[in-house]
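A quick write-up on the structure given underneath.
Each reported figure results from applying straightforward, stated rules to the coordinates on display, with no laboratory input. Note that the structure is a prediction, hence the values are computed from the model and not measured. With ideal geometry, Cβ positions are generated from the backbone for all residues, glycine too; neighbour counts draw on all protein chains shown.
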């Protein structure tokens, strides 16, 4: 049983209290049942970033499946008098029956891109706010950083190894988000089990230290894991360790890992010595405090693969994507004929304003290269209609599209990410601070 | 059933793969059963910080209770050939039977402080590495930031409201860590249910927007939640909203919240108008992108309480504590008489070196004010023995001390935090970058 998919559990209280007090108060005024559209978007990218990468969409759908209020939750809400009887009755029966559309997971995005829209009654949609934002803000932050690292690594394999530097369950989501954005493996076993991501890892310094000599440690590792294992060189002295490694494992040793020091210089020295000893196919992995800039700086070094920890799981300086979930449209009072009009709504505060209304989004392409993020409110002009449509159906009348979840969802998101990044102008892959790679243009009609 | 305490689940695969390949290889060489001591410490504090706050200790103990390898986990490990039969047999029976000592949760710490030591066989202790570091690195990062915000807030109440800006389950741990370090409430309902932390929250801008007028929204909220509720003022125009609020709720309105704009100026204007209208007891809460510096800047403003989101759950610029888990001592080969000597061990790389050996730690006090973090390897000189002992028993021979877990653990950690911060010299509470408030002094004997 996985900690992520275990039996009787629910995501329903992973929420800010005000979602439920708003439910209560909207039942009071009768607005709880107004059809509403909430939209997830980011007002801006983190400073200097050229694009962001949507991630977590599949996990939102997985959590939506478990979004139920059980007896324990209802008792807690009643005991603390957070909501009254009518709201408790509503929550007891809660099933999301609305519609969710959004950017496919792995898609790139820009300021104002409508990443996800949730349509249902106000009550149905408001109680999902915190869960949806938590998942998307975290996973998108990690994937957006991971995508830059993938660009910096060129074709070299990248492994996510940051579990120990983030919350123990966030670590699983981080491994998944990094995989969406081009990482080829993770050290996290739960992520391997839950999402089918390849896992890797061999040994730490403690393994060398628990043995009386480095040679004994290497012998034990090769005996247990085979000659194609990766030996860690920098517990004592890298030169000595390298010679011992080849003596113990032979020239068919799989790889060596360097976890400290000046990685570029060390990699060159280690490569020269490995070649001198005849271990020409033994690979070099480096793993010490890497980020996209350090990876780029190693482009000319004879490094075969990278392991990235802290900086990928913490979003390389931007640990949250700052996405918001805003009511953009709702029905008004029904007229004499019983039908209600949709009303676009938005907060009017200058600093935190948002654009009301239902939206359409396409990526405009010119000879296969993206030139514009075009957002129509509610629709785009006819001559823009041949851009690539960005909003896909994720949940239709409560029916979740399972193809976006689980290991299959990750696989599809990886493909989407690779295709979408390939479509961007070359400036998008620059690491230097700059403007978003595409302008977001709003068309109101 | 809580998502955190649900039935058949386990924390065992929340781990880096190499912990298990090291287990496998150490069984090969016979070192798996050597008694070992692993130590958790930080080489340095985040740049400029005066002290850190240990948090997550209680959660480590809670997860340790569930650290079991079930049928699904073992099948995954076998299918992927991560370990062989002998290691699978060992993991099937795995129960931690060793001893854990450490700083009490809520305690402050400095570079080199031995925050936690795990003593058991190499096998028993190595498989816990990732889980322990994930929990402590995350929770300590949040508590260390939260403690600075508590200092900045003086006696004013602080609420944690950052759930939406971090992973959905990390959010629960973040709420808990903030509570340990002086926050008085959280918006996160799961944290309220799991750890007994007071929860709060009333409404967002969407609630105002789903109504035809702001007045109708306020009327509904007051009818549902009572006149002592907190009304959100900045959906349209703060002045108008304030007048409407008092007209609807009367002068006994509980509070108003401002979530955008120049908070200091706005708070002063709102306070003046509330007083003018006779609502002298109506409180003002501010909640827009606060961190410790913004809180300090509002010290002279008529603000009654703060809500902090992003910056507390992401550690105010330092989302991980960068704590490490290192083997510091282990038994050697047994001699002819069958007894084995303890051997201090340490990696000798210059940049990432560590101090081997079992340790004792006391905080030296002078007239009740802390003056030094004294670490003895293995013991302190006799004349330092009257400092405050920092290492407490958390797990003895596999028996977890339940007083450190659950809501009781949080309550004790809050007391420990308050007492330990009070004991620090005044410079420790400065927000400006500087050196650690206490020197860490190592005594070897």
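Just rank A:51, A:94, fewest to most, by other beta-carbon atoms within 10 angstrom. Before the final figure, lay out each step's value.
On the way: A:51 23, A:94 15.
The order, fewest Cβ neighbours first, is A:94, A:51.
Between helix A:170-180 and chain A, what is the angle of the helix's C-alpha long axis to the longest principal axis, kept within 0 to 90° and rounded to the nearest 10?
Relative to chain A, helix A:170-180 is tipped by roughly 80 degrees.
Mind jotting down a quarter of the surface of the convex hull over the alpha carbons of the range B:394-433, in square nanometres, one decimal?
Details: hull surface 17.2 nm².
Here the figure is 4.3 nm², rounded to one decimal.
Would you mind ranking B:288, A:26 by Cβ crowding within 10 Å, fewest neighbours first?
Values: B:288 19, A:26 28.
With the sparsest Cβ surroundings first, the list reads B:288, A:26.
Using a label position 7 Å from Cα in the Cα→Cβ direction, what is the ascending list of nm distances from residue B:368 to the same site in the other copies?
7.6
Given a Förster distance of 60 angstrom, what is the FRET efficiency for residue B:371 paired with residue A:337, based on the Cβ-Cβ distance and rounded to 0.05?
Numbers: r = 80 Å, r/R0 = 1.33.
It comes out at approximately 0.15.
What do you get for the angle between helix A:129-153 and the principal long axis of chain A? Use alpha-carbon atoms, 0 to 90 degrees, nearest ten.
Tilt relative to chain A: about 40 degrees.
Quick one: label points 7 angstrom along Cα→Cβ at residue A:275, distances to the other copies in nm, smallest first?
With the label placed 7 Å along Cα→Cβ, residue A:275 yields 7.8 nm.
Considering the range B:41-154, what Rg and Dmax in Å follow from its alpha-carbon atoms?
Just the Cα atoms of the range B:41-154 yield Rg and Dmax of 17.4, 58 Å.
Which order results if A:347, B:359 are arranged by neighbouring Cβ count within 10 Å, fewest first? Working shown, then result.
Values: A:347 21, B:359 26.
Placing the least packed residue first, the sequence is A:347, B:359.
Given 10 Å bins starting at zero, what is the percent of C-alpha pairs of the range B:359-401 in each, up to the one with the largest pair distance?
Final binned percentages: 27, 42, 25, 6.
State the three equivalent ellipsoid semi-axes of the range B:159-313, derived from the C-alpha gyration tensor as the square roots of 5 times its eigenvalues, in descending order and whole Å. Please report the intermediate quantities before stating the final value.
On the way: eigenvalues 137, 66, 37 Å².
Those come to 26, 18, 14 Å.
Over all pairs of distinct alpha carbons, what does the Kirkwood formula give as the hydrodynamic radius of chain A, in Å? Kindly include the intermediate steps, with their values, before the conclusion.
On the way: mean 1/r = 0.0418 Å⁻¹.
Kirkwood hydrodynamic radius for chain A: 23.9 Å.
Using 1/(1 + (r/R0)^6) with R0 = 22 angstrom and r between the beta carbons of residue A:92 and residue A:65, what's the FRET efficiency to the nearest 0.05? Display every interim value, and only then the final one.
Values: r = 18 Å, r/R0 = 0.80.
Efficiency computed from Cβ-Cβ geometry: 0.80.
Measuring from a point 7 Å out along Cα→Cβ, what nm distances, shortest first, does residue B:228 have to its partners in the other copies?
6.9
If each Cα of the protein assembly as shown is one equal point scatterer, what is log10 of I(q)/I(0) from the Debye formula at q = 0.05, 0.07, 0.08 Å⁻¹?
Each listed q maps to, in turn, -0.28, -0.56, -0.73.
Measure nothing fancy, just the Cα-based angle from helix B:263-276's long axis to the longest principal axis of chain B, in degrees from 0 to 90, nearest 10.
Around 40 degrees separate the two axes.
Of the candidates A:211, A:33, A:318, which one comes out as most mobile in a Gaussian network treatment of chain A with C-alpha springs shorter than 10 Å?
Sorting by GNM fluctuation, first place goes to A:211.
Which value in deg cm²/dmol, rounded to the nearest 500, describes the helix-derived mean residue ellipticity at 222 nm for chain A, given -39,500 (n - 2.57) per DSSP H run of n ≥ 4 and division by the residue count?
Numbers: 15 runs with 158 residues, N = 445.
Taken over chain A, the calculation gives -10500 deg cm²/dmol.
Which residues among the range A:192-215 fall inside the zone where the amide N is under 18 Å from a point 7 Å beyond the Cα of residue A:273, along Cα→Cβ?
What the label zone holds, given the 18 Å backbone N cut-off, is A:205, A:208-209, A:213-215.
For chain B, with a Gaussian network of springs between Cα atoms less than 10 Å apart, report the residue from B:376, B:315, B:335 with the top mean-square fluctuation.
Among B:376, B:315, B:335, the largest GNM mean-square fluctuation belongs to B:335.
Among A:160, A:93, A:372, whose mean-square fluctuation peaks in a Gaussian network model of chain A (Cα, cutoff 10 Å)?
A:93
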